[in-house]
Amino acid sequence: MSLLGLSRSQLHAKWKEWLPPGAVDQLCSTDRIIILHGDILQPNLGLTGLELDNVRHDINIIIHAASSINLIKPLHQLSDTIIEASNMMADLALTCKRLDRFVYVSTAYANTHYYARCDELDVRIDEITYPLQRQRSVLDELEEVRKRGTSQAYEAESFPWAYAYAKHLTERLLHYKFSKNVSVEKLLIIRPSVIGPSQALPFPGYNMPLIKIATKMSHPDLETHQDEVPVDVVADRLLCHLALGTHGCVHAVSGVRARMKYEPWRRALTKIRRIPWEVQPLWVKGDWKSPDQHHLARLYAVLGTSFAFSEDRTVAVYEKHPEIKDLGLQLFTDLDMGGSFLSRAQGIRYVMDRLAKRNSAPWPSEGIIDY
């Protein structure tokens, strides 16, 4: 059962746009997919009474992946689509009589506030929740966000985007609700890094597309890293941990083994440019909110950083269950994500064309429109 902000015909049109005909035929012909046309911002998710009754009586697993991914909007413009929508989804889940698991798709960057506190250049982020300096009761913090559009806890930290704090608060809110009402063991939080094209499924390279840079490093070309993970690795990690009963936080990342250094990534991106000269970065000392950097670097604030996202829980599962190796699951990044830019040129240009056709400028923040 799938709750979408699209009608059945709109969903089928999307499938036909991005998937091969055989896959589309298989999806459209099955009776195992029931599509509910709803809205996570509406009371009762925009569902009818009969639809709600069916959900409450029949659903065993809820995977909540709907979210804004806007990196520009301030907190008061993101709280409804990230925090409040997840709150309503959790409330619905807690009324489901047969609920076994609730999966929330968050982000590996929910703990990026830890970067400002750490003296290391390559900051390790474990699969835990890092507390805030002025963290209060999660309900009090939520109420403050509702009233003020911000919170003291958020203002005391250095998050690259309001989006990251909204995910951090949502994770804590879900943990509170499930630990209080049912069992925290029913809650699984998946944290992808930057999601890129698939490495195998449904086919290699599958992708649906949706300067001055500040850094504190002495040799940023070699010391900064970007973690981009194939979308099928994210999906298979989610399903694997769900099937094995994992609870808590799990990173869906490429990790230290497969993340990209900045310079090879830049060179690969340069190869798809139609303009002949290369773009060379000019590194300036500062943090990700430095006004001295290019406005695009301020938007993609983590370009001058390096995060070592732990994937220990997936490694442990892989070693404990050797039978997983025979299932063909895409649990780890085996693809050179930087080198895949050439095969992604059409998708990247598609996104750039859409951005270029907008009437709004890329800066300041009020000019950015969410997808």
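Listed values, structure above:
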item	result
Search result, residues across the stretch 104-134 that are assigned to a strand (DSSP E or B), surrounded by fewer than 22 Cβ atoms within 10 Å (Cβ to Cβ) and within 16 Å of the chain's Cα centre (by Cα)	V105
Where A166 falls short, out of the listed (1) crowded, with 22+ Cβ neighbours inside 10 Å; (2) in a loop (DSSP other than H, G, I, E, B)	(2)
Selection within the stretch 48-61 - β-branched (V, I, T), part of a loop (DSSP other than H, G, I, E, B) and within 25 Å of the chain's Cα centre (by Cα)	I59
Selected residue [in a helix (DSSP H, G or I), closer than 20 Å to N70 by Cβ and among the acidic types (D, E)] from E171, E143	E171
Given (1) over 27 Å from D100 (Cα atoms); (2) of a type outside the set (D, E, K, R); (3) part of a loop (DSSP other than H, G, I, E, B), index of the condition I40 fails	(1)
Residue in the stretch 112-130 that is hydrophobic (A, V, I, L, M, F, W, C) and touching a Lys or Arg at 6+ places or on another chain (Cβ under 6 Å) present	no
Among the residues listed as I190, I195, the single one being in contact with a helix residue (DSSP H, G or I) (Cβ under 8 Å, 6 or more places away or on another chain), crowded, with 18+ Cβ neighbours inside 10 Å, at pLDDT below 85 and assigned to a strand (DSSP E or B)	I195
Meets criteria (of a type in the set (A, V, I, L, M), at pLDDT 85 or above and part of a helix (DSSP H, G or I)) for L45	yes
First in the stretch 56-68 and over 8 Å from V103 (Cα atoms), second anywhere and among the hydroxyl-bearing types (S, T, Y) and assigned to a loop (DSSP other than H, G, I, E, B), Cβ under 7 Å, 6 or more apart	R56/T95
Filter pass, L78 being of a type outside the set (D, E), surrounded by 15 or more Cβ atoms within 10 Å (Cβ to Cβ) and not in a helix (DSSP H, G or I)	no
Unmet criterion (only one of (1) touching a helix residue (DSSP H, G or I) at 6+ places or on another chain (Cβ under 6 Å); (2) modelled with pLDDT of 95 or more) for E144	(1)
Count of the stretch 148-163 residues which are assigned to a helix (DSSP H, G or I) and farther than 14 Å from D80 by Cβ	5
Verdict on H64 being within 25 Å of V182 (Cβ to Cβ) and within 18 Å of the chain's Cα centre (by Cα)	yes
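The values are calculated or read from the model by the stated rules, or taken from the named source; none is laboratory data. Bear in mind that the values here come from a model prediction, so they are computed numbers and not experimental data. Glycine also receives a Cβ, built like all others from the backbone with ideal geometry; neighbour counts cover every protein chain displayed.
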